[in-house]
Structure formats: C-alpha cells, structure tokens
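So the structure is just underneath, and the comments pick up after that.
The values are calculated or read from the model by the stated rules, or taken from the named source; none is laboratory data. If you're wondering where the values come from, they're calculated on a predicted model, not measured in any experiment. Here the Cβ positions follow ideal geometry from the backbone for every residue, glycine too, while neighbour counts run over all protein chains shown. For accessibility, only protein heavy atoms count, side chains too; no ligands or nucleic acids. Shrake-Rupley method; radii C 1.70, N 1.55, O 1.52, S 1.80 Å.
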Amino acid sequence: MSDTDSFIEEVTEELRRDNMVKALKRYGWVVAAVLAVIIGGVAWSEYKKAQERAAAQAVGDGLLAALSEDSPEARLKSFDQVQTNGPQAEAVVAFLKASEQADAGDMTAAAATLQSVIDNNGLALIYRQIAQFKALGLTAETAPADERRRGYSDLAQPGSSMRLLAEEQLALIDIETGDVDAATTKLQNIIDDAESTADLQQRALQVIVALGGEPDLSVLQEAQTEN
C-alpha cells in the first residue's frame, strides 16, 4: 500500500469517527430514552412478578394457618380472614370453606358459599363448573334424582371440564333409579373416552363388574398398545 493510499484510509477513518461522534451528540438522547424504556420495562415487569409472588405466598400462608386450626369454628373464622389477591384465590378459599361447612353438617351455608363462586362472572368457567359440581354433591341425599340429573347433564355437555365426572354421577343416578342398562352404557363410554383418567376408568370398570356386567376393554387395550 502506498503512502498516499494509507493517508486516504486514515482520513476516511477519522471522518467516520467524526460523523459517529456528531450522530451520537445529535441523537444520543434518543438511544438513552429507548434504553431507559427497555430497562424500566424490565424492572417494572420484575417488580410486578415479585408482587404477584408475594401475594400468592400470603394467600398460601393464610390457608395453611387456617387449616392448622384445631376446631371447625376456628378454621372457618380463619378462612374469612385470608387476604385474597384476586377472584381465583377467592374461589380456592371458598372451596375450602364450603368443604369445612359441609363437614360440620351445615349444608345450607356450604351451598351458599359455593353459589357465590357459581355467580361470579369474573371467574374462569372451570372454577364455576367445579363449584356447581360440588354444590350438586351436597344435595345427593336431599334433592330428587331428576333434579340432580338435570344439574349433572348441564355439566356433561361437550367441552365442559367436568364432563366425564358428571357422566359418572349420571351413571350412579341411573343405578339409583334402577336403570342398570343406561348406567352400564355411560360407564362403558367413560372407559372408551380418550380423555378419561386411569382412576376414572378404573372406577367405571369396578362399577360395571359390581352390576354383574362385563366391560369391553378393546378400546382401552388398543390405546395402550398404541402408546
């Protein structure tokens, strides 16, 4: 490389640096502002996550403290004092409270607690369906079979998260009312359903056998072979 070429290259490099400095002086505040927004956004996100974790931990601590009380009265009082951080946490507290009320024999209070969850449109549907399922369970010995059948039929609709559990209850109502064939059909459908859990399938098998039937295991065996 000649001295002339070297000189031109050095001058060109100096010009590049000079232009960069000028650009930074002119637009540096924009870069700084963008960085501040990014850093601030990350910090705010971490702060919110920390707040949510702390709130969830507070709810968990409150529930553990309530469950550790010795008497049902003390536990119910403690449930009312749990500081929830949203509708989902409120639903969890309500489920535990309703269970405690039912265990204490106060079915009316338990039903009212669950109804508050059912009526809460701010909750995800799954919570409200669980509350409805639990509320129907409270009426097993008091409500007529047809009334309970209507309630479980609503939960057994396609797409419902409680569909299979509701089908199981409908089969038990069929047994209660003497319709063994209908019950066996429902239980066989539960065994064949790809969404059934192993526990649910096992219960369905046991009930069919107890009814004197012979469950068809072909679909279940085929699924196990494929897996």
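Observations
- Between Asn85 and Asp106, the C-beta separation translates, for a Förster distance of 25 Å, into a calculated FRET efficiency of about 0.35.
- Between the beta carbons of Glu69 and Ala210, assuming R0 = 45 Å, the FRET efficiency works out to 0.70 to the nearest 0.05.
- Length gained when the stretch Asp199-Ala143 is fully extended (0.36 nm per residue, less Cα-Cα span): 17.4 nm
- Close amide H pairs (under 5 Å, H built 1.01 Å from N) link Ala143 with no residue at least 5 positions away or on another chain.
- Charge dipole of region 68-227 (Cα centre as origin; +1 on each Lys and Arg Cβ, -1 on each Asp and Glu Cβ, all else neutral): 480 debye, rounded to the nearest 20.
- Expressed as a fraction of 2.2 N^0.38 Å, the C-alpha radius of gyration for region 82-191 is 1.14.
- The solvent-accessible area of Thr184, taken with every protein chain present and a 1.4 Å probe, is close to 40 Å².
- Residues Glu176 and Gln115, FRET efficiency given R0 of 22 Å [Cβ-Cβ distance, rounded to 0.05]: 0.35
- Converting phi to 3J(HN,Hα) with the Karplus coefficients 6.51, -1.76 and 1.60 and the offset θ = phi - 60°, region 87-94 yields x, 5, 5, 4, 5, 4, 4, 5 Hz in sequence order, with x at every glycine or proline.
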